[in-house]
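Notes follow once the structure below has been shown.
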Amino acid sequence: MISFFRAHKPVISRVITFSLVAFGAFWLTPSWSEVGPFYFLLFFAIFVMLIASQLFWIRRVLDLGERFIPGKPQRAWLAVIAGLVYLFFWVYNYGSWESVNSHIFRTADPRLRSVLIEAAFWWWLVGSLAGFALVIVFWTVDRATRDAARVYRYARAGAGQAAAPKPGAIALDPPSHARRHFLEQTAVLVSATPFVAAGYGLLYGRQNVEVVRQRIRLACLPKAFEGFRIAQLSDVHIGSFTTADYIRRCVTITNGLKPDLVVLTGDYISWDPEAEGEAVRALAGLRAPHGVFGCLGNHEEEGQIEESITRLFAAQGIRILRQERAAIRLSGETLNLIGIDEARGRDFTEWKHDVYRRLQQVKELVMPGTVNILLVHSPPVFYFVTELGIGIDLTLAGHTHGGQLSLDFVHRGLNLGRLETHYSSGWYERSGVQLYVNRGIGTTGFPIRLGARPEITIVELVRGV
Ligand SMILES: [Fe+2]
């Protein structure tokens with residue numbers, strides 16, 4: 001028995017590691033009945049990656065220690081200290097995981113110490129996950145190249161000789177030591193890049209606001225509204241990493257763009273319902289000749305502040321449209337602005353029913369003969385807007401944050417937001433109805449933005465098709 005274990009030690013240790021990773025991921029994943037099969041598998045895959053990435057990086061750090069730190073006792077002490085620090089970060093930040101998994105609200109802690117600890121944790125988490133993903137890609141490409149080369153050599157040897165070559169002959173041609181060394185160095189360099197990128201996204205990219213100008217052509221736009229400019233802000237998410245000062249800076253930028261109308265598309269708080277007053281005060285400085293309007297997002301619904309924040313906004317002259325419309329008048333002509341709340345539901349079926357119910361209400365608010373603009377937080381609603389054909393011309397939404405981590409510059413839609421919806425950022429058209437998805441100015445989850453800059457949109461309405 002012992003000799004069997006000795007003979008198969010590498011295989012057995014691998015099987016045990018894989019089993020433990022799978023078990024850990026299964027334990028962390030929300031139950032199938034709670035989130036449905038798609039999100040169960042998605043969360044399971046994410047947690048497998050997460051645990052595997054942590055094991056990978058711990059192994060790499062231990063390797064580095066063995067290479068550069070002389071003396072076993074010193075290494076052991078450093079490993080214990082590093083292990084304790086590592087555990088502290090996980091335990092300290094466990095609250096934010098709870099909020100992600102079970103919607104338990106965690107009060108944002110704005111103290112510098114907490115912000116630094118949380119920032120370091122998220123930097124490590126995003127960097128280590130992305131770095132590990134790159135290592136897998138690198139390893140897969142390397143492996144595929146070697147296999148292809150091996151097949152090619154077999155084929156050539158087979159063509160050159162009547163009989164197939166002996167396997168021993170191929171084994172005499174292993175990858176050179178220099179090549180292996182070069183590949184290892186390259187893999188380390190490649191996998192370190194996400195840590196630098198995550199640092200950039202945390203310290204700079206997160207608040208590097210972009211003003212996006214989007215022209216929307218509408219056949220039935222009243223003449224008076226030609227060139228009418230609507231500023232859209234979304235997903236403010238006030239919290240430790242999205243301060244009132246930063247929001248006020250966005251307000252100043254927006255006012256400087258001199259829009260005719262300002263619209264807000266939900267998610268004013270992050271996890272802390274008590275932050276609603278500060279969020280409203282930070283946005284109260286928005287100015288536009290035709291007013292400031294908005295709708296509510298899922299964070300207002302989950303924080304149970306829909307009534308209270310609507311009142312707070314109203315006191316500042318900002319009108320939240322809750323299954324309501326507002327007629328925007330200019331030179332005797334009218335633009336119809338409609339806003340709806342976030343749909344509710346414990347699962348997709350319930351959510352869909354609620355969307356249908358709300359869109360039936362929207363149908364009654366639509367004004368024929370003019371442009372109807374719908375403010376709704378979640379872009380997936382757009383699909384049902386087009387399916388039902390309720391007379392909406394343009395939908396403005398937010399919610400996705402453009403994925404926060406995005407490779408849209410490589411291929412449109414290559415971002416984390418795509419895991420939830422096809423409409424992850426920017427302009428879309430379906431069945432003659434248009435949608436614009438704003439990337440928002442705040443963050444939730446990890447306070448990092450890479451390839452998905454915070455956005456203030458200026459939507460310019462023009463007549464035409
Ligand atoms: Fe959001």
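For region 454-465, does any single residue satisfy the condition of being part of a loop (DSSP other than H, G, I, E, B) and either in contact with a Pro (Cβ under 9 Å, 6 or more places away or on another chain) or at positive phi (or both)?
Yes - at least one qualifying residue is present in region 454-465.
Condition test on Gly65, is it in contact with a Lys or Arg (Cβ under 6 Å, 6 or more places away or on another chain) and modelled with pLDDT under 80?
No; evaluated as a whole, the condition is false for this residue.
May I ask you to list the residues in region 354-372 that are surrounded by 21 or more Cβ atoms within 10 Å (Cβ to Cβ) and not in a helix (DSSP H, G or I)?
Answer for region 354-372, where residues must be surrounded by 21 or more Cβ atoms within 10 Å (Cβ to Cβ) and not in a helix (DSSP H, G or I): Val371, Asn372.
Select from region 389-400 the residues that are within 16 Å of the ligand (Cβ to nearest atom), open to solvent by less than 10 Å² (accessible area, probe 1.4 Å) and either assigned to a loop (DSSP other than H, G, I, E, B) or touching a helix residue (DSSP H, G or I) at 6+ places or on another chain (Cβ under 9 Å) (or both) and list them in ascending order.
Ala397, Gly398
Only one of (1) closer than 24 Å to Ser425 by Cα; (2) of a type in the set (A, V, I, L, M, F, W, C); (3) within 16 Å of the ligand (Cβ to nearest atom) is not met by Leu286, so which one is it?
(3)
Among the charged types (D, E, K, R), within 16 Å of the ligand (Cβ to nearest atom), without any contact (Cβ under 8 Å) to a residue 24 or more places away in the chain and surrounded by 17 or more Cβ atoms within 10 Å (Cβ to Cβ): which single residue out of Arg439, Arg418 fits that description?
Exactly one of Arg439, Arg418 is among the charged types (D, E, K, R), within 16 Å of the ligand (Cβ to nearest atom), without any contact (Cβ under 8 Å) to a residue 24 or more places away in the chain and surrounded by 17 or more Cβ atoms within 10 Å (Cβ to Cβ), namely Arg418.
Within region 443-454, does at least one residue satisfy the condition of being basic (Lys, Arg) and more than 13 Å from the ligand (Cβ to nearest atom)?
yes
Scan region 373-388 for residues that are open to solvent by 10 Å² or more (accessible area, probe 1.4 Å) and in contact with a Gly (Cβ under 9 Å, 6 or more places away or on another chain) and jot them down.
Thr386
Any residue in region 140-159 that is among the small types (Gly, Ala, Ser), over 30 Å from Ile269 (Cβ atoms) and either open to solvent by 80 Å² or more (accessible area, probe 1.4 Å) or modelled with pLDDT under 80 (or both)?
Scanning region 140-159 turns up at least one residue that is among the small types (Gly, Ala, Ser), over 30 Å from Ile269 (Cβ atoms) and either open to solvent by 80 Å² or more (accessible area, probe 1.4 Å) or modelled with pLDDT under 80 (or both).
When you look at Ile305, is it of a type in the set (A, V, I, L, M), open to solvent by less than 70 Å² (accessible area, probe 1.4 Å), in contact with a helix residue (DSSP H, G or I) (Cβ under 9 Å, 6 or more places away or on another chain) and more than 15 Å from the ligand (Cβ to nearest atom), yes or no?
No; evaluated as a whole, the condition is false for this residue.
Sort out for me the helices (runs of 4 or more DSSP H) sitting completely within region 262-353 that have 2 or more residues that are closer than 22 Å to Val211 by Cβ.
In region 262-353, the matching helices (runs of 4 or more DSSP H) lie at 276-283.
Mind checking whether some residue in region 378-400 is touching a His at 6+ places or on another chain (Cβ under 6 Å) and polar (S, T, N, Q)?
Checked against the condition, which is being touching a His at 6+ places or on another chain (Cβ under 6 Å) and polar (S, T, N, Q), region 378-400 yields at least one hit.
Which number in (1) more than 14 Å from the ligand (Cβ to nearest atom); (2) part of a loop (DSSP other than H, G, I, E, B); (3) in contact (Cβ under 8 Å) with a residue 12 or more places away in the chain marks the one condition that Gly413 misses?
Of (1) more than 14 Å from the ligand (Cβ to nearest atom); (2) part of a loop (DSSP other than H, G, I, E, B); (3) in contact (Cβ under 8 Å) with a residue 12 or more places away in the chain, only one is false for Gly413: (3).
How about region 333-344: which of its residues are surrounded by fewer than 19 Cβ atoms within 10 Å (Cβ to Cβ) and at pLDDT below 95?
Within region 333-344, just Arg344 meets the criteria.
Hey, Thr400 hits all of (1) touching a residue at least 24 places away in the same chain (Cβ under 8 Å); (2) more than 18 Å from Gly266 (Cβ to Cβ); (3) of a type outside the set (Phe, Trp, Tyr) but one; which does it fall short on?
Unmet for Thr400, out of (1) touching a residue at least 24 places away in the same chain (Cβ under 8 Å); (2) more than 18 Å from Gly266 (Cβ to Cβ); (3) of a type outside the set (Phe, Trp, Tyr): (2).
In region 222-248, how many residues are within 16 Å of the ligand (Cβ to nearest atom), hydrophobic (A, V, I, L, M, F, W, C) and surrounded by fewer than 24 Cβ atoms within 10 Å (Cβ to Cβ)?
2
Which count do you get for residues in region 18-48 that are open to solvent by 80 Å² or more (accessible area, probe 1.4 Å) and of a type in the set (S, T, N, Q)?
1
Checking the structure you have, find out if any residue of region 254-265 is hydrophobic (A, V, I, L, M, F, W, C), away from the ligand (no atom under 16 Å from the Cβ), in contact (Cβ under 8 Å) with a residue 60 or more places away in the chain and under 20 Å from Val376 (Cα atoms).
Taking every residue of region 254-265 in turn, at least one turns out to be hydrophobic (A, V, I, L, M, F, W, C), away from the ligand (no atom under 16 Å from the Cβ), in contact (Cβ under 8 Å) with a residue 60 or more places away in the chain and under 20 Å from Val376 (Cα atoms).
The values are calculated or read from the model by the stated rules, or taken from the named source; none is laboratory data. As the structure is a prediction and not an experimental result, all values here were calculated from the model. A quick note on method: Cβ atoms are made from the backbone with ideal geometry, for glycine too, and the neighbour counts reach across all protein chains shown. Calculation scope for accessible area: heavy atoms of the full protein, side chains included, ligands and nucleic acids excluded. Shrake-Rupley method; radii C 1.70, N 1.55, O 1.52, S 1.80 Å.
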